[in-house]
1. Mind checking the dipole of the stretch 240-337: about its Cα centre, +1 per Lys or Arg Cβ, -1 per Asp or Glu Cβ, Debye to the nearest 20?
2. Taking the number of other C-beta atoms within 10 Å as the exposure measure, put ARG165, ARG266 in order starting with the fewest.
3. Can you pull the Rg over Rh of the stretch 240-337, Cα-only, Kirkwood?
4. As a test of the definition: which semi-axes, in Å, follow for the stretch 115-181 when you take the square root of five times each eigenvalue of its alpha carbon gyration tensor? Largest first, please.
5. At what distance in angstrom do the alpha carbon centres of the stretch 48-117 and the stretch 264-343 lie from each other?
6. Straight-line reach only, C-alpha to C-alpha below 30 angstrom: list the lysines that LYS55 could link to, leaving out same-chain residues fewer than 8 apart.
7. Could you give the radius of gyration (one decimal) and Dmax (whole number) of the Cα atoms in the stretch 18-150, in Å?
8. Where does each of 317-328, 170-181, 231-242 land if you order them by average Cβ count within 10 Å, highest first?
Amino acid sequence: MPVGTAATVKAMRPESVAETGAEILLGNTYHLMLRPTAERIAELGGLHRFMNWPKPILTDSGGFQVMSLAGRRKIDAEGVTFQSHIDGSRHRLTPARSIEIQHLLGSDVTMAFDECTPFPADHRTAAESMRLSMRWAADSRAAFRDRPGYALFGIVQGSVYDDLRRESAAALTGIGFDGYAIGGLAVGEGQAEMLRVLDVTAPLLPGDRPRYLMGVGKPADLVGAVRRGVDMFDCVLPTRSGRTGQALTRRGPVNVRNARHAADPRPLDPECGCPACTGYSRAYLHHLSKAEEILGPMLLTWHNLHYYQELMAGLREAIAKGELDAFAARFEAEQAAGDLPPL
């Protein structure tokens, strides 16, 4: 899922995002709550109409900001009080309020309100955080308005502790959700530990419901997680990298700002069908980046999103054909080969 935090995927028109193959976007409850407000978006016809995206939208619950804005919030048993990063105004976010905001936005997939446990955290801290999230999960379930075509996902927490992940998964499946997310990863624990936690956690979640790994990640993370049973992802990496001159390709990352590309007439990836690769050279992309022209971030963002969607489509096809291991081996070999040699 491309990330559209403030009701936009940065540097992309919604029509362009759809052309990459994206079927669903992610929006952010906390940021839209503050500006322009969920109530205003509802008055204007909902988030789909507001941002001109007719396909599904998943909204996170604001739980990540409970962690990332630690200096601006106070947690209690019932919810979180935030100080706005925009103007310093105070706001209250509880499970019921988070669900209400997501309802006003018209989210197709609503996320339960939780606390994303920071890393590192000792076992006691992680346990207290996870159990608070499970209480909030039950409150979120009670506040959600069931209706056809809309879903509510619970979020497994527990940091890197196997027993806490098992306890959290049991609590959520006991409550019952339409899908299950795995949160609290990609927060500094490293890929090997993340995959180890997935080995423990994913099998605990119902096989007939979507499994969503939140905030992940690099292409190798996606392949590794899919091999462990994960279905859905979101990450700012493809768009953020595109804005900083980095293209993510089947042969690994390419920094177009590097001088070696200044006179290179070749495309970023000869096998890629995105506009950046079919219409422009590495030399031109290098020039745009060095000149700080806005077209550079636009083209690189388009390329990165196209590559991610192509990678996920390849994984789906490989699963359907029973060839996932072979696909993963080819992916790893291409990544290991590195970028095209200099001319």
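1. With Lys and Arg at +1 and Asp and Glu at -1, about 300 debye.
2. Listing ARG165, ARG266 from fewest to most nearby Cβ atoms yields ARG266, ARG165.
3. Here Rg/Rh amounts to 1.03.
4. After diagonalising the Cα gyration tensor, the semi-axes are 24, 11, 9 Å.
5. Each part reduced to its Cα centre gives a spacing of 33 Å.
6. Here the lysines satisfying the reach criterion relative to LYS55 are LYS10, LYS218, LYS321.
7. Over the stretch 18-150's Cα set, Rg and Dmax evaluate to 15.3, 46 Å.
8. Output ranking for 317-328, 170-181, 231-242: 231-242, 170-181, 317-328.
FYI, it's all coordinate maths here, none of it is from the lab. Because the structure is a prediction, the values reported are computed rather than measured. Positions of Cβ are backbone-derived with ideal geometry, glycine not excepted, and every protein chain shown enters the neighbour counts.
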